[in-house]
1. For T79, which of the numbered conditions (1) of a type in the set (S, T, Y); (2) touching a Phe, Trp or Tyr at 6+ places or on another chain (Cβ under 8 Å); (3) crowded, with 24+ Cβ neighbours inside 10 Å fails to hold?
2. Return a yes/no flag: does region 26-33 have any residue that is part of a loop (DSSP other than H, G, I, E, B) and crowded, with 21+ Cβ neighbours inside 10 Å.
3. Look at A312 and say whether it is more than 16 Å from the chain's Cα centre (by Cα), open to solvent by less than 60 Å² (accessible area, probe 1.4 Å) and farther than 13 Å from R67 by Cα.
4. Filter region 36-90 down to the residues that are under 18 Å from G240 (Cβ atoms), β-branched (V, I, T) and in a loop (DSSP other than H, G, I, E, B) and list them by number.
5. Could you please give the count of residues in region 207-229 that are among the hydrophobic types (A, V, I, L, M, F, W, C) and open to solvent by 40 Å² or more (accessible area, probe 1.4 Å)?
6. Which residues, taken from region 34-54, are open to solvent by less than 80 Å² (accessible area, probe 1.4 Å) and at negative phi?
7. Return the residues of region 345-376 that are of a type outside the set (S, T, Y) and out of contact with any helix residue (DSSP H, G or I) (no Cβ under 7 Å at 6 or more places or on another chain); say none if nothing qualifies.
8. Of the residues R222, R232, R217, only one is touching a Phe, Trp or Tyr at 6+ places or on another chain (Cβ under 7 Å) and charged (D, E, K, R); which?
Amino acid sequence: MHAGDLTDDQRAIAKATRAFADEYLAPHAVAWDRDKHFPVEVLRKAADVGLAGVYAREDVGGSELSRLDGVVAFEALATGCPSIAGYLSIHNMVGWMVDRYGTEAQRARWLPALCTAEQLGSYCLTEPGAGSDAAALTTRAVRDGDQWVLDGVKQFISGAGTSQVYVVMARTGGPGPDGVSAFLLDRDDRGLSFGPNEHKMGWNAQPTRQVLLDGVRLPADRLLGAEGEGFRIAMGGLNGGRLGIAACSLGGAQSALERAVAYLADREAFGARLLHAQALQFRLADMATELEAARALVWRAAAALDRGDRRAPQLCAMAKRHATDTGFDVANQALQLHGGYGYLAEYGIEKIVRDLRVHQILEGTNEIMRVIVARGLTGAA
């Protein structure tokens, strides 16, 4: 973690979170990936050091950190396991949405258990036929007296089945973004069920399942924010979520780079340490430089979001696109530098590559990030 522009508090966050990752995540990451084990008990340990309520206010047990604090923490956490750090980023996005848009009664009901990770959270926007075109979602919520009735299917939901709390986007009005509302669901709500755990390339240490809504009846107090405000809530959550995933890419790539340096220092070929070969030194230098540039952009975007800069959505999209592309590339190069050993599971490098690949897709594909940036440049709606 390079901390040149950080405050003393932020450097302390980085150091403490890296120590947590080194002790509780890194030693088990390969086994969790192999066994498809979701280590809920470790998530609760993370909550003990404030990592399950990063952005929630202190009155409900949150850490009330800034976005810049958060990206520093998630980068450090992801050095141990990008899959677990990525899930915690999503969990914290759910907590932020409840904290930011919920009533005081909703905050008091839902947030304390989320901040301790006694209950986990999942974010339900994507559908089988509405991924990148999120405003085209078809899950419906129909008013029936003082209740809402929800029907539909959500796809690629991290933590589904294990999570207790689900923020679900559903259509309450006409087509387009203005017809979408947000709802709070509990795993025990009648009519809520889950598809099988998906078989994935990476992120195997967390479950990914469909969320199935079949006539789920909710009282009126489960509406989050105002009716028709759901798409704005979803996009607001994604600005921060994109920074979290960008930071997780930095952390995974930083770990891969550190492993590559250590490997090259330990290996000899043609009578000399590989680390002494100038061609390999130059490659390491380029990897470190690209990673540092991506880190600077992520920090800048986080600071913009903290101060309410009107360009924050574009900067978050830039940061997500650049950091996730860079993170995957650096990790992939680190695998190459390990030679055949990089391809073996026990070294942990191929797992990082597989985990970071999905970061270029989730929280908005990197193609959609380009659309957001281009709209900011051209003024297009």
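1. Here T79 meets the rest and fails (2).
2. No, the conditions are met nowhere in region 26-33.
3. no
4. Answer for region 36-90, where residues must be under 18 Å from G240 (Cβ atoms), β-branched (V, I, T) and in a loop (DSSP other than H, G, I, E, B): just V54.
5. 3
6. Within region 34-54, H37, F38, P39, V40, V42, L43, A46, A47, L51, A52, G53, V54 meet the criteria.
7. R354, V358, I361, E367, I368, V371, A374, R375
8. Only one candidate passes the filter, namely R222.
The values are calculated or read from the model by the stated rules, or taken from the named source; none is laboratory data. Predicted, not measured: the structure shown is a model, and the values here were computed from it. Neighbour counts run over all protein chains shown; Cβ positions are idealised from the backbone, glycine included. Accessible surface is based on the protein model in full, side chains and every heavy atom, while ligands, DNA and RNA are left aside. Shrake-Rupley method; radii C 1.70, N 1.55, O 1.52, S 1.80 Å.
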